[in-house]
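I have placed the structure first, in the form of structure tokens, so that the comments after it can refer back to it.
The values are calculated or read from the model by the stated rules, or taken from the named source; none is laboratory data. Note that the structure is predicted; figures quoted are calculated from it, not measured. Cβ placement follows ideal geometry from the backbone for every residue including glycine, while neighbour counts extend to all protein chains displayed.
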Amino acid sequence: MQTLYITHPACHLHEMGDWHPECPQRLDAINDQLLSSGIDGLLLHEQSTDATDADILRVHATDYWSFLKRSVPESGYFEIDPDTLMNPHTLDAARKAAGAGILAVDSIMAGHAQNAFCAVRPPGHHARPSLAMGFCFVNNIAVAAAYALEKYGFERISIIDFDVHHGNGTAEMFAGDERVLMCGFFQESIFPNVHTQNQPKNMLNIPVEAYASGEQVRKLVEDRWMTDLFEFEPQFVFVSAGFDAHREDELAQLGLVEADYAWITQQIVSVAEHSAQGRIVSFLEGGYSLSALGRSVVAHLKVLAKL
């Protein structure tokens, strides 16, 4: 079975101003690298469908979702915070971004694909149950994980977050849920400035000092994640794939390169093959140096697709 690549033109229409690093050109950069690397034709391609209100309300508060629907501007921008703005297309893009994960789960469970990558925006892992923040409006990975738990009755799933920023929204949504093991690393003392002391036992989100190298991060993954993941034996693995820990990315100060993302992805694949029949759904989160983003996504996809 092949790797499914899911995106939608609506994800290109959401934008927050020419100055904003979370821009439509991120998807263009990924597409360019898929074509130039020669792997585009080796992937299955699907367009996302909409997440329903019920899908979104599994993880978000009703009042919050109603607020977002009321706040879509007819033109220009509606500012939730200085970095998180809605344009007339944001809500449609957010529905498509969240719906990509649901389509991916159903496609994998139906045997149409082994795993999937959702090339969608806006990203999602900072979106809290009742708050948009950090460029995120709907928590795409949480929507998909909650859907999988409810529809397919999984007893154990893992969420792995390798974005340079802590996936605070995802952690808040699943803290204390014994069906979920979340493993992440993030650069400490940057947005969203979350402290991870006294985490619930199902949360393993580990701060990393600025300027840590790829080798240091690999050791962290090996020493801190892998034993817990293999012992937990997830039946499905979800990934918040942020590529902003790349050394070329100016929004943070970690030192990863494409080979590190390939190695991390291989560790994730090994967990999924051990207990989840290889089932993985990965979501684009951060990554703002366009060339590094495209190259890193290709490295991630090559491992997922065993190319």
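If V120 satisfies every condition in (1) buried (at least 21 other Cβ atoms within 10 Å of the Cβ); (2) out of contact with any Phe, Trp or Tyr (no Cβ under 9 Å at 6 or more places or on another chain) but one, which is the exception?
All conditions pass for V120, except number (2).
Scan (1) in a loop (DSSP other than H, G, I, E, B); (2) touching a strand residue (DSSP E or B) at 6+ places or on another chain (Cβ under 6 Å) for the single condition P88 breaks and write down its number.
(2)
Any idea how many residues of segment 263-298 are in a helix (DSSP H, G or I) and either of a type outside the set (G, A, S) or over 16 Å from the mean Cα position of the chain (by Cα) (or both)?
20
Do we find a residue being out of contact with any strand residue (DSSP E or B) (no Cβ under 6 Å at 6 or more places or on another chain) and either assigned to a helix (DSSP H, G or I) or of a type in the set (D, E) (or both) anywhere in segment 201-210?
Yes; the residues of segment 201-210 include at least one that is out of contact with any strand residue (DSSP E or B) (no Cβ under 6 Å at 6 or more places or on another chain) and either assigned to a helix (DSSP H, G or I) or of a type in the set (D, E) (or both).
For segment 80-94, enumerate the residues that are charged (D, E, K, R) and surrounded by fewer than 14 Cβ atoms within 10 Å (Cβ to Cβ).
D81 - this is the single residue of segment 80-94 that is charged (D, E, K, R) and surrounded by fewer than 14 Cβ atoms within 10 Å (Cβ to Cβ).
Among the residues of segment 160-184 satisfying the criterion of being in contact with a His (Cβ under 9 Å, 6 or more places away or on another chain) and assigned to a strand (DSSP E or B), which is nearest to R279 (Cα to Cα)?
D161
List every residue pair whose Cβ atoms sit under 6 Å apart, with the two residues 6 or more apart in sequence or on different chains, where the first one lies in segment 49-65 and is more than 21 Å from D177 (Cα to Cα) and the second, anywhere, is at pLDDT 95 or above and of a type in the set (K, R).
D50/R95; A51/R95
Kindly indicate which of R70, R58 is among the basic types (K, R), under 18 Å from H125 (Cα atoms), modelled with pLDDT of 95 or more and out of contact with any Gly (no Cβ under 7 Å at 6 or more places or on another chain).
Answer to the selection: R58.
To keep it simple, each residue is scored yes or no on (1) under 19 Å from the mean Cα position of the chain (by Cα); (2) crowded, with 18+ Cβ neighbours inside 10 Å; (3) in contact (Cβ under 8 Å) with a residue 24 or more places away in the chain; (4) on the phi < 0 side of the Ramachandran plot.
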position	(1), (2), (3), (4)
K201	no, no, no, yes
E209	no, no, no, yes
M226	no, no, yes, yes
Q235	yes, yes, yes, yes
V239	yes, yes, yes, yes
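Determine which member of the set V221, V194 is aliphatic (A, V, I, L, M), in a helix (DSSP H, G or I), out of contact with any Ser or Thr (no Cβ under 7 Å at 6 or more places or on another chain) and over 22 Å from L290 (Cβ atoms).
V221
Taking segment 32-48 as the search range and keeping residues that are closer than 22 Å to N140 by Cα and touching a residue at least 60 places away in the same chain (Cβ under 8 Å), which one is surrounded by the fewest Cβ atoms within 10 Å (Cβ to Cβ)?
That would be L44.
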